[in-house]
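Note sheet for the following structure.
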Amino acid sequence: MTAKREPPTDKDQAFYVALGQRIRALRDEKKLSLAALAARAGITPRRLAYLEGGLVVSLIPMGTLTAIAAALGVKTFDLFNVEHATDEVAGLLEDLRGEPAETIHAARVALDSFRG
């Protein structure tokens, strides 16, 4: 049996909104429609629209973020807006720059274990 996930905090929600804005900005920069990016990333347009709007009600699988980044022609790291992160988070993100998806996933699992 798995533990019930707590609802997102205000900081979590701010992160999801910033992530969604970054994905949307990159999509606009690449001149891709929402449907085109969703198809390239292998997710539904509705899921992508929710992500872009910061409407995240469950954990975002690392594979989904990696697929979106690949479809946009950027690294997964580039989806995260480091300018708005705290110094600690920015440092962690910088440490993970260029690492393979498996390493980033392992880091996320480790962080999740600290949250309980």
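The values are calculated or read from the model by the stated rules, or taken from the named source; none is laboratory data. Because the structure is predicted, anything quoted here is derived from the model rather than measured. Cβ placement follows ideal geometry from the backbone for every residue including glycine, while neighbour counts extend to all protein chains displayed.
Just a few scattered comments:
- Any hit, the range 11-28, residues being loosely packed, with under 11 Cβ neighbours inside 10 Å, out of contact with any Ser or Thr (no Cβ under 6 Å at 6 or more places or on another chain) and at pLDDT 90 or above: yes
- Residue list for the range 47-59, filter: among the hydrophobic types (A, V, I, L, M, F, W, C), surrounded by fewer than 16 Cβ atoms within 10 Å (Cβ to Cβ) and modelled with pLDDT of 70 or more: Ala49, Leu55, Leu59
- As a summary of the residue check, Thr86 satisfies the conditions (1) among the β-branched types (Val, Ile, Thr); (2) at pLDDT below 80; (3) within 13 Å of the chain's Cα centre (by Cα) except for the one numbered (3).
- Among the residues of the range 52-73, those identified as more than 22 Å from Ala106 (Cα to Cα) and not in a loop (DSSP other than H, G, I, E, B) are Glu52, Ala71, Leu72.
- Residues in the range 29-46 that are surrounded by 16 or more Cβ atoms within 10 Å (Cβ to Cβ) and either free of Cβ contacts under 8 Å to residues at least 24 places away in the same chain or under 25 Å from Glu94 (Cα atoms) (or both): Ala38, Ala41.
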